[in-house]
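The structure under discussion appears below in the form of structure tokens.
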Amino acid sequence: MSPRQGRNNVEASLHNEYLQAMGIRQWVLRDRVPAVKGSAQRPEEVATGPGIPVPQADEYDVASLDWPALEARVSACERCALHATRNRTVFGSGDRSADWLIIGEAPGADEDRQGEPFVGRAGKLLTAMLQAVGYQRDQVYITNILKCRPPHNRDPLSDEVACCRTYLERQIELVNPKLILAVGRIAAHNLLGTDTAIGRLRGSVHHFGTDRIPLVVTYHPAYLLRSPLEKRKAWEDLQLARQAASGG
Ligand code: URA
């Protein structure tokens, strides 16, 4: 077997595992050899917009906090109105020096109760998606744009995002990942400073911040639970993410 065939077989078996893990039924013509998905398309370089609000006076030292101090600062945060309705802040979880940094939108009811990101139904699907590309949850770092739950899971308001921004920026700096996976429209829009439709942001490698960390956009698992046919596109996004993380 040539090295290329070997790679294709690994790709194919990962692909099958992914489809299985995500509950996608595969249709194969009886007299056909299953098609092997080739490696993901070459990343297209896309310039990112600024989208970074100027920090308020009390935020400047956040950029110098270490992990314990940052976590303590977040758990005591009262910068926006969400502190009044939250049960717990949801700081982030996983490997603090991971290659992959996963950024979602905001805690939901389960996360607000448990203090951990992506632990509800959508979180279980995210975990399965990550496993399908070879990562356990504790091998990546997972956090959100907002650290507190918006009431009734409404979209984050721009002032709430601005209040949380320095915390997220410091987390990104501390993790220093090889790749950021922006999960869902809210994460993609806020990280890239754009309101372009998520369908158009997918399929390209963007870059975040002055360090130009590769950033790939994918659908939110809550959306995938409602639209299972889109899981195939999420698989392509994860392939692109793998390629971008390895400098491809
Ligand atoms: N949805 C998100 O975007 N983040 C979570 O932590 C949970 C659900």
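The values are calculated or read from the model by the stated rules, or taken from the named source; none is laboratory data. Keep in mind that what you see is a predicted model, and the values were worked out from it rather than measured. Backbone-built Cβ (ideal geometry, glycine too); neighbour counts: all protein chains shown. Surface areas here come from the heavy atoms of the whole protein model, side chains and all, with no ligands, DNA or RNA. Shrake-Rupley method; radii C 1.70, N 1.55, O 1.52, S 1.80 Å.
Points worth noting:
- Top-ranked residue in the stretch 150-174 [being open to solvent by 60 Å² or more (accessible area, probe 1.4 Å) and in a loop (DSSP other than H, G, I, E, B); ranked as nearest to Tyr60 (Cα to Cα)]: Leu157
- Taken over the stretch 138-149, the criterion of being open to solvent by 10 Å² or more (accessible area, probe 1.4 Å) and under 19 Å from Gln243 (Cα atoms) is satisfied by Gln139 alone.
- Within the stretch 212-248, considering residues that are of a type in the set (Ser, Thr, Tyr) and within 21 Å of Leu179 (Cα to Cα), the one nearest to the chain's Cα centre (by Cα): Thr218
- Unique match (being at pLDDT 95 or above and either within 14 Å of the ligand (Cβ to nearest atom) or hydroxyl-bearing (Ser, Thr, Tyr) (or both)) among Arg96, Arg170, Arg165, Arg154: Arg154
- Residue identified as of a type in the set (Asp, Glu) and under 17 Å from Leu179 (Cα atoms) among Glu169, Glu78, Glu116, Glu71: Glu169
- Which numbered condition Val119 misses (of (1) within 13 Å of the ligand (Cβ to nearest atom); (2) of a type outside the set (S, T, N, Q); (3) touching a residue at least 12 places away in the same chain (Cβ under 8 Å); (4) open to solvent by less than 40 Å² (accessible area, probe 1.4 Å)): (3)
- Residue within the stretch 178-186 that is assigned to a helix (DSSP H, G or I) and closer than 12 Å to Ile102 by Cβ present: no
- In the stretch 202-229, the residues that are in a helix (DSSP H, G or I) and within 16 Å of the ligand (Cβ to nearest atom): Pro221, Ala222, Tyr223, Leu224, Leu225, Arg226
- The test for being within 11 Å of the ligand (Cβ to nearest atom), within 30 Å of Gln239 (Cβ to Cβ) and assigned to a helix (DSSP H, G or I) does not hold for Ala128.
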